[in-house]
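Following: one structure in structure tokens, then a few remarks.
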Amino acid sequence: MLGREAPISVEKARALLLQHAPFQRTAEIYLAIEDSYGMITSRDIFSSENLPSFSRSTVDGYAVNSADTFGAGETLPAYLHITAEIFMGEKPGFVLAKGEVARIATGGMLPEGADAVLMSEHTHQIDETMIESVNTVSPGENVIQAGEDARENDIISRSGHTLRPQDIGALSGLGITQVWVYEKPRVSIILTGDEIVPADRAVNPGQVRDINSYTLSGLIRDAGGVPLKKGIFRDEYDIIRNAVKGSLETSEMVLITGGTSVGIKDMTAQVINEMGAPGVLFHGVAIKPGKPIIGGVVQGIPVFGLPGHPAAVHVCFSIFIRPVLSIIAGSGEERLQEMKRTIQARISRDVSSSPDREEHIGVTLEERDGELWAVPILGKSGLITALTKADGTAVIPLMKLGIHKGELVTVRLF
């Protein structure tokens, strides 16, 4: 596809991209669990044993046969003999007989003959060898049974799951210290524009410092990728073409900023098409900011041409790039994660919009009388610091002329 057509809807653009999933997947590696936080599992993980491997107490108290407490209460306590104490990390070497209890701490192993734990708070000590129970306990009360947490051969984590601290803790509890995960996808960042200079340099009139490579690097890391900053390239066709060609050989996704608006230096689409099939899938989406975005695929590798506007980069990454990056990374949870990144809030003022585009407006969030309100950040579109003040963007859907004060809107959180 070459040239410019009328902008398409966000939904259609995303659908065109997803038609080419799963794209070029990263390799799987066998990694120590302490290095696997935030990694995505490439295989189902099964429990190799019961967890816990023994029945254990969840409270401090007395291991007991629950039948010995039936009917016990403040006015008619049950009298029980203390015959032993259970030490942490040790297997009890005795069997409780009828009418006997053993002192036990939280996490201690229940002895044979016991099926419940009587909390210390529900007892009165008569002497060193006897207590009275003023409460009835049921079988299994205050006990985690062997295998209750996980049974041998249970699936602990399915393929495509992003490992969290609690997942790593569960794996360690089962003695699983290495797991198969996908390598994090590498994303090349190519900056184009004669006016862009490195962030550590002074600017001359007409020049601007590099913002987008830093913004994109953070967004990529946050999405589970590895950013590869390729540098700043002049608006010359051969230079950009060579940069893209080299990036396709070393990464699973390529992002090009600049060169997407109409003009004599609009070369991004041509470069993408020249690199290989299917090439450009769309050039222009009915969205603000971000209308000139280009989305394409070259031999299984997604390639995006992003506008130079920092706000547009942020919005386009959230809507188009992050879902694709999640697929490349092997995640099966992107839809759920996207839902977690959106909330409902009431807009604090009337906001007008053009019906021919989906509009994203930077907002801050405030709580008023127990409800969330989205307060639009007003200002000219080129203001860079507006993003730093925003908690997210309120979405005005396509074909809507605007939103009225108090109306519920969807807010995509940063």
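The values are calculated or read from the model by the stated rules, or taken from the named source; none is laboratory data. All values derive from a computational prediction rather than experimental measurement. Cβ placement follows ideal geometry from the backbone for every residue including glycine, while neighbour counts extend to all protein chains displayed. Side chains included, ligands, DNA and RNA excluded: accessible areas come from the protein's heavy atoms. Shrake-Rupley method; radii C 1.70, N 1.55, O 1.52, S 1.80 Å.
If you roll a 1.4 angstrom probe over the protein chains with everything in place, what fraction of the accessible area of the stretch 278-346 belongs to carbon and sulfur, to the nearest %?
57
Taking the chain as a Gaussian network, Cα atoms linked when under 10 Å apart, which of Met267, Met109, Met88 shows the biggest mean-square fluctuation?
Result: Met88 has the largest fluctuation of those listed.
Among Ile156, Ser138, Ser348, which residue has its Cα positioned farthest towards the positive end of the charge dipole of the chain, with +1 placed on the Cβ of Lys and Arg, -1 on the Cβ of Asp and Glu, and the dipole taken about the Cα centre?
Going by the Cα projections, it comes out as Ser348.
Counting only DSSP beta bridges with both residues in the chain, tell me the antiparallel percent, nearest 5.
Given both bridge residues lie in the chain, the antiparallel proportion sits at roughly 70 percent.
Go ahead and set up a Gaussian network model of the chain, Cα springs under 10 Å, then flag whichever of Asp115, Asp127, Asp194 fluctuates most.
Asp127
Want the number for Asn153 to Glu338: 0.36 nm per residue separation, take away the alpha-carbon distance, what's left?
Full extension from Asn153 to Glu338 adds 63.5 nm.
How large is the dipole of the stretch 70-160 about the Cα centre if only Lys and Arg carry +1 and Asp and Glu carry -1, each at its Cβ, rounded to the nearest 20 debye?
Dipole about the Cα centre, nearest 20: 220 debye.
Comparing Asn242, Asn135, Asn212, which has the greatest mean-square fluctuation in the GNM of the chain with Cα pairs linked when under 10 Å apart?
Asn135
Could you order the peptides 152-160, 45-53, 387-395 from most to least packed, using the average number of other C-beta atoms within 10 Å per residue?
Answer by packing, highest mean first, reads 387-395, 45-53, 152-160.
Toward the positive end of the charge dipole of the chain, about the Cα centre and with charges on Cβ (Lys, Arg +1; Asp, Glu -1), which of Gly406, Leu248, Gly370 goes farthest?
It is Leu248, whose Cα lies furthest towards the positive end.
Cross-link candidates for Lys245: which lysines have Cα within less than 17 Å, leaving aside residues fewer than 8 places away along the same chain?
Cross-link targets: Lys229, Lys230.
Could you give the nm distance between label points at Thr388 and Leu31, where each point is 7 Å from its Cα heading toward the beta carbon?
Modelled inter-label distance: 3.2 nm.
Pull up all non-local amide H partners of Ile293: gap of 5 or more, or a different chain, and H-to-H distance under 5 Å with H placed in the peptide plane.
The list, which skips near neighbours in sequence, is Gly284, Val285.
How high is the relative contact order of the chain? Use alpha-carbon pairs under 8 Å, at least six apart in sequence, and give a whole percent.
Relative contact order here is 18 percent.
How many times 2.2 N^0.38 Å is the alpha carbon radius of gyration of the stretch 170-325?
My calculation over the Cα atoms of the stretch 170-325 gives 1.12.
Rounded to whole Å and ordered largest first, report the semi-axes of the equivalent ellipsoid of the chain derived from its Cα gyration tensor (root of 5λ).
60, 27, 17
Rounded to the nearest 20 Debye, what is the dipole magnitude of the chain about its Cα centre when Lys and Arg each give +1 and Asp and Glu each give -1 at the C-beta?
Its charge dipole is roughly 2640 debye.
Show me, for the stretch 301-314, the HN-Hα J-couplings you get by feeding each phi into the Karplus relation (A = 6.51, B = -1.76, C = 1.60, θ = phi - 60°), rounded to Hz, glycine and proline as x.
10, x, 10, 10, x, 9, x, x, 5, x, 5, 5, 4, 5
On the first, second and third principal axes, largest extent first, how far apart are the outermost C-alpha atoms of the stretch 6-117 in Å?
Extents along the principal axes, in whole Å: 85, 36, 17.
If you find the alpha carbon centre of the stretch 343-410 and of the stretch 12-36, how far apart are they in angstrom?
Cα centroid of the stretch 343-410 versus Cα centroid of the stretch 12-36: 32 Å apart.
In Å and from the alpha-carbon atoms only, list the Rg and Dmax of the stretch 106-200.
26.9, 89
Please compute the length gained on full extension between Asp350 and Arg201, using 0.36 nm multiplied by the number of residues separating them and subtracting their Cα-Cα distance.
Full-extension gain reported as 49.5 nm.
Counting only Cα, what are the radius of gyration and maximum Cα-Cα distance Dmax of the stretch 287-326, in Å?
10.0, 29
Specify the inter-centroid distance of the stretch 177-194 and the stretch 231-261, based on alpha-carbon positions, in whole Å.
Computed from Cα coordinates, the inter-centre distance equals 16 Å.
Check cross-link reach from Lys340 to the aspartates and glutamates: straight Cα distance under 16 Å, and skip same-chain residues fewer than eight apart.
Asp222, Asp391
If I compute solvent accessible area with a 1.4 Å probe over the protein chains, what percent of it on the stretch 375-414 is carbon and sulfur?
64
Å³ per residue of the Cα convex hull, for the stretch 12-59?
Looking at the stretch 12-59, the number lands at 192 Å³ per residue.
Provide the gained length on full extension for the span Leu365 to Leu18, in nm with one decimal, where the gain is 0.36 nm per separating residue minus the Cα-Cα distance.
So the extension gain works out to 121.7 nm.
From the helices alone, meaning DSSP H stretches of at least four residues, give me the mean residue ellipticity at 222 nm for the chain, per-run term -39500 (n - 2.57), in deg cm²/dmol to the nearest 500.
Computed ellipticity for the chain at 222 nm equals -5000 deg cm²/dmol.
Return a whole-number percent for the relative contact order of the stretch 80-151, with Cα pairs under 8 Å and 6 or more residues apart as the contact set.
In percent, rounded to a whole number, it is 30.
Run a plain Debye calculation on the stretch 276-414 (Cα atoms as equal point scatterers, no solvent) and give log10 I(q)/I(0) at q = 0.17 Å⁻¹, rounded to two decimals, same order as the q list.
Here the Debye-derived log intensity ratios amount to -0.99.
Probe of 1.4 angstrom, ligands and nucleic acids ignored: what's the accessible area per residue over the stretch 134-284, in square angstrom?
48
Collect residues whose amide H, placed 1.01 Å from N in the peptide plane, falls under 5 Å from the amide H of Ala150; neighbours closer than 5 in sequence don't count.
Leu51
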